[in-house]
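S.K.: Got a structure for you, questions after.
The values are calculated or read from the model by the stated rules, or taken from the named source; none is laboratory data. Keep in mind it's a predicted model, so treat the numbers as computed, not measured. Here the Cβ is made from the backbone with ideal geometry for all residues, glycine too, and neighbour counts use every protein chain on show.
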Number of protein chains: 2
Amino acid sequence: MFEQLGLIGCGLMGGSFALAMKRAGLVKRVVGYSKSPSTTERARQMGVIDVEAPSALLAVSGADLVLLAVPVSASEATFKAIRHLITSNMLVMDVGSTKRDVVDAARKVLRDNVGCFVPAHPIAGKEVSGVEHADADLYTGKQVILTPIEKTQVGHLKKATDLWEAIGCHVQQMAPEAHDAAFAAVSHLPHLLAFALVHAINNQPQGKEFLGLAGPGFRDSTRIAASDPKMWRDVLLANRHELVEQAKMFSRSLHNMLIAAEQGDGEKLEAMITLASESRAHWRMGQKPK
Amino acid sequence: MFEQLGLIGCGLMGGSFALAMKRAGLVKRVVGYSKSPSTTERARQMGVIDVEAPSALLAVSGADLVLLAVPVSASEATFKAIRHLITSNMLVMDVGSTKRDVVDAARKVLRDNVGCFVPAHPIAGKEVSGVEHADADLYTGKQVILTPIEKTQVGHLKKATDLWEAIGCHVQQMAPEAHDAAFAAVSHLPHLLAFALVHAINNQPQGKEFLGLAGPGFRDSTRIAASDPKMWRDVLLANRHELVEQAKMFSRSLHNMLIAAEQGDGEKLEAMITLASESRAHWRMGQKPK
């Protein structure tokens with residue numbers, strides 16, 4: 001049980017965390033701050049937070065749990081804004097989709113206090129953003145990846161694990177670098193492909209006609225293309241090296257399938273599709289394939 | 001009201017059509033044929049068809065409505081198998097995802113009787129196949145594209161339109177070539193991208209680890225990668241010229257986004273993502289964007 005959550009960033013991710021913590025009875029009071037005062041006010045009106053803080057620093061004041069739920073590119077500035085009030089028995093976490101950049105920022109800014117920071121990435125989200133979409137169930141049943149570093153305090157890591165599990169998550173630990181490599185493949189590249197697909201269709205003179213004909217396959221495969229542009233700009237920039245590697249491997253598979261199609265090589269094309277189809281048909285979220 | 005539907009191919013698409021027609025009271029009797037006798041038997045046991053036919057030709061015998069629900073590459077052989085019993089007052093349709101190749105096959109094989117063929121593409125499907133997934137609601141609320149040719153009989157076109165509308169579809173007409181260009185962009189390329197993405201992940205030594213970490217974004221964006229390999233091999237082959245054109249435009253968008261990311265050009269990257277995100281956020285299935 002925490003006395004006070006200092007929530008920095010009262011959007012979809014942060015707001016949903018506050019709602020889940022409250023519903024589970026894990027926190028007594030939530031003090032929230034968002035860059036936009038209207039968001040903070042909205043969050044209070046919705047009962048997502050109890051008290052509006054006029055700054056990130058004041059949101060941290062008196063908290064025993066701090067969550068940064070800001071775009072990853074804002075991590076360093078946020079750590080700088082709050083570092084004077086961070087103490088070593090305060091548990092600080094983030095929810096960013098990339099981890100190496102956030103860990104670097106924490107090391108650089110928090111220095112001796114970096115041990116109280118437990119980098120976290122809950123594998124959950126929506127294509128819509130903003131506190132109005134906050135949902136106490138957003139994290140239920142989802143995986144959370146914690147990426148502790150050598151200085152992370154074992155006690156804080158344990159508390160973080162217990163907390164995420166208490167709101168219904170499955171917790172795993174990975175190194176920040178391994179995290180970023182994996183998520184380049186299964187999250188960042190899929191987002192990039194969806195953005196590029198919708199971008200390319202819109203760039204054509206008949207793009208709107210085409211979009212009017214699109215069906216359920218398009219709907220699902222491009223749902224994530226509606227995601228928040230600033231957040232995803234940051235994620236793609238922060239993890240660009242891994243992303244470029246994954247894009248190369250993807251482009252090779254795509255190229256080989258196109259060549260097979262162009263050459264009328266149905267056998268090769270079918271073999272490649274079959275590998276993908278069987279893999280995807282047996283895939284279950286949160287389970288490593290056998 | 002039709003007396004007898006001759007259903008050739010009792011899989012997901014054909015079976016769902018038979019169920020929808022029966023539920024709407026639009027057909028008295030369904031005679032079905034599938035290449036695999038066990039599928040035909042299963043379809044009868046499930047009540048999808050009333051009578052098992054031992055051949056495609058016998059499924060057509062006595063029918064006033066015929067539906068080809070076979071892989072598009074089997075269209076020509078199927079037309080050949082049934083042409084002797086096709087009469088000009090029989091309405092013949094297909095449900096193929098490509099239209100130019102099917103229309104070519106119909107012209108070539110049916111000749112003077114081609115006027116009774118109304119090429120149809122219902123924009124509906126599932127990533128699973130087989131009669132056991134047949135669903136009377138598969139087509140409800142979906143679009144159906146009819147691609148009549150110059151010889152198509154107006155009376156048959158009207159009957160086909162009424163029929164699809166009666167089972168809850170929105171019907172549009174297009175030229176076969178325009179259809180294939182549009183669906184290369186909004187259906188065939190998205191499938192190819194999903195296949196290539198899952199293929200590329202599986203090709204990596206850590207592919208299984210990565211897949212175990214994938215979340216809801218991956219789940220939705222790759223749902224269609226589980227689609228039937230033979231069916232999609234045929235679609236991609238049949239429409240490869242349009243597909244290659246769409247893939248080129250997609251690759252240009254992808255390349256430009258990657259270059260922006262590599263160069264740390266957040267402004268350009270964000271502008272491209274924003275175009276895609278806003279387009280996709282405002283997109284509604286079955287509605288042409290403004």
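S.K.: Hey, does region B:207-218 have a residue that's out of contact with any strand residue (DSSP E or B) (no Cβ under 8 Å at 6 or more places or on another chain), farther than 22 Å from B:Ser75 by Cα and assigned by TED's automatic domain parsing to the domain that holds B:Gln45? Let's see the steps before the verdict.
M.R.: Taking region B:207-218 first, the residues out of contact with any strand residue (DSSP E or B) (no Cβ under 8 Å at 6 or more places or on another chain) are B:207-212, B:214, B:216-218.
Remaining after also requiring farther than 22 Å from B:Ser75 by Cα: B:207-212, B:214, B:216-218.
When the remaining residues are screened for being assigned by TED's automatic domain parsing to the domain that holds B:Gln45, the result is none.
No - not one qualifying residue is present in region B:207-218.
S.K.: While we're on this one: Taking region B:1-10 only, how many residues are closer than 21 Å to B:Asp135 by Cβ and surrounded by fewer than 24 Cβ atoms within 10 Å (Cβ to Cβ)?
M.R.: Qualifying residue count for the region: 1.
S.K.: If we only count helices (runs of 4 or more DSSP H) wholly inside region A:107-226, which ones have 3 or more residues that are hydroxyl-bearing (Ser, Thr, Tyr), more than 7 Å from chain B (Cβ to nearest Cβ) and on the phi < 0 side of the Ramachandran plot?
M.R.: Numbers: elements: A:154-166, A:176-183, A:189-202, A:207-213, A:216-221.
So the answer is none; nothing clears 3.
S.K.: Being in contact (Cβ under 8 Å) with a residue 12 or more places away in the chain, small (Gly, Ala, Ser) and in contact with a Ser or Thr (Cβ under 6 Å, 6 or more places away or on another chain): is that true of A:Ala247 here? Outline the logic, then answer.
M.R.: Details: in contact (Cβ under 8 Å) with a residue 12 or more places away in the chain: yes; small (Gly, Ala, Ser): yes; in contact with a Ser or Thr (Cβ under 6 Å, 6 or more places away or on another chain): no.
So A:Ala247 fails the test.
S.K.: Now for a separate question. Name the residues in region A:37-55 that are surrounded by 23 or more Cβ atoms within 10 Å (Cβ to Cβ) and assigned to a helix (DSSP H, G or I), would you?
M.R.: Residues satisfying the conditions are A:Thr40, A:Ala43.
S.K.: Do we have B:Val72 as in the same structural domain as B:Thr161 (by TED's automatic domain parsing), more than 15 Å from B:Gly6 (Cβ to Cβ), modelled with pLDDT of 95 or more and in contact with a Gly (Cβ under 9 Å, 6 or more places away or on another chain) here? Let's see the steps before the verdict.
M.R.: Details: in the same structural domain as B:Thr161 (by TED's automatic domain parsing): yes; more than 15 Å from B:Gly6 (Cβ to Cβ): yes; modelled with pLDDT of 95 or more: no; in contact with a Gly (Cβ under 9 Å, 6 or more places away or on another chain): yes.
Taking the combined requirement at face value, the residue does not satisfy it.
S.K.: With respect to the numbered conditions (1) in a helix (DSSP H, G or I); (2) more than 7 Å from chain A (Cβ to nearest Cβ), which one is the sole condition not fulfilled by B:Lys290?
M.R.: Of the numbered conditions (1) in a helix (DSSP H, G or I); (2) more than 7 Å from chain A (Cβ to nearest Cβ), the odd one out for B:Lys290 is (1).
S.K.: Of everything in region A:204-231, what is free of Cβ contacts under 8 Å to residues at least 24 places away in the same chain and under 24 Å from B:Lys126 (Cα atoms)? Give them in sequence order.
M.R.: A:Glu209, A:Phe210, A:Leu211, A:Gly212, A:Leu213, A:Ala214, A:Gly215, A:Pro216, A:Gly217, A:Phe218, A:Arg219, A:Asp220
S.K.: Something else now. Name every residue in region B:56-73 that is within 11 Å of B:Met90 (Cα to Cα), of a type outside the set (D, E, K, R) and surrounded by fewer than 20 Cβ atoms within 10 Å (Cβ to Cβ), in order of residue number. Outline the logic, then answer.
M.R.: Here is the first cut: in region B:56-73, the residues within 11 Å of B:Met90 (Cα to Cα) are B:60-67.
This time we only want the ones that are of a type outside the set (D, E, K, R), so: B:60-63, B:65-67.
Residues satisfying the conditions are B:Ser61, B:Gly62.
S.K.: Taking region B:120-178 only, how many residues are surrounded by fewer than 16 Cβ atoms within 10 Å (Cβ to Cβ), closer than 18 Å to A:Gly217 by Cβ and touching a strand residue (DSSP E or B) at 6+ places or on another chain (Cβ under 7 Å)?
M.R.: Matching residues across region B:120-178 total 1.
S.K.: Against the condition among the charged types (D, E, K, R), in contact (Cβ under 8 Å) with a residue 12 or more places away in the chain, in contact with a strand residue (DSSP E or B) (Cβ under 7 Å, 6 or more places away or on another chain) and closer than 22 Å to A:Gly155 by Cβ, how does A:Asp64 come out, does it pass? Full working, then the answer.
M.R.: Details: among the charged types (D, E, K, R): yes; in contact (Cβ under 8 Å) with a residue 12 or more places away in the chain: yes; in contact with a strand residue (DSSP E or B) (Cβ under 7 Å, 6 or more places away or on another chain): yes; closer than 22 Å to A:Gly155 by Cβ: yes.
Spelling it out, A:Asp64 is indeed among the charged types (D, E, K, R), in contact (Cβ under 8 Å) with a residue 12 or more places away in the chain, in contact with a strand residue (DSSP E or B) (Cβ under 7 Å, 6 or more places away or on another chain) and closer than 22 Å to A:Gly155 by Cβ.
S.K.: Still on this model: Out of curiosity, is A:Leu67 of a type in the set (A, V, I, L, M, F, W, C) and closer than 22 Å to A:Glu132 by Cβ? Show your work before the answer.
M.R.: Working: of a type in the set (A, V, I, L, M, F, W, C): yes; closer than 22 Å to A:Glu132 by Cβ: yes.
Here the answer is yes, as A:Leu67 does meet what is asked.
S.K.: Can you tell me how many residues in region B:257-287 are assigned to a helix (DSSP H, G or I), more than 7 Å from every other protein chain (Cβ to nearest Cβ) and surrounded by fewer than 17 Cβ atoms within 10 Å (Cβ to Cβ)? Let's see the steps before the verdict.
M.R.: Here is the first cut: in region B:257-287, the residues assigned to a helix (DSSP H, G or I) are B:257-262, B:266-282.
From what is left, the residues that are more than 7 Å from every other protein chain (Cβ to nearest Cβ) are B:259-260, B:267-268, B:271, B:278, B:282.
Filter once more, keeping what is surrounded by fewer than 17 Cβ atoms within 10 Å (Cβ to Cβ): B:259, B:267-268, B:271, B:278, B:282.
Residues flagged as assigned to a helix (DSSP H, G or I), more than 7 Å from every other protein chain (Cβ to nearest Cβ) and surrounded by fewer than 17 Cβ atoms within 10 Å (Cβ to Cβ) within region B:257-287 amount to 6.
S.K.: To continue, here is another question. Answer yes or no: is there a residue in region A:237-244 that is in contact with an Asp or Glu (Cβ under 7 Å, 6 or more places away or on another chain), more than 7 Å from chain B (Cβ to nearest Cβ), assigned to a loop (DSSP other than H, G, I, E, B) and within 30 Å of A:Val103 (Cβ to Cβ).
M.R.: Step one: list which residues in region A:237-244 are in contact with an Asp or Glu (Cβ under 7 Å, 6 or more places away or on another chain), which gives A:238-240, A:242, A:244.
So of that shortlist, the ones also more than 7 Å from chain B (Cβ to nearest Cβ) come out as A:238-239, A:242.
When the remaining residues are screened for being assigned to a loop (DSSP other than H, G, I, E, B), the result is A:239.
Filter once more, keeping what is within 30 Å of A:Val103 (Cβ to Cβ): A:239.
Looking through region A:237-244, at least one residue is in contact with an Asp or Glu (Cβ under 7 Å, 6 or more places away or on another chain), more than 7 Å from chain B (Cβ to nearest Cβ), assigned to a loop (DSSP other than H, G, I, E, B) and within 30 Å of A:Val103 (Cβ to Cβ).
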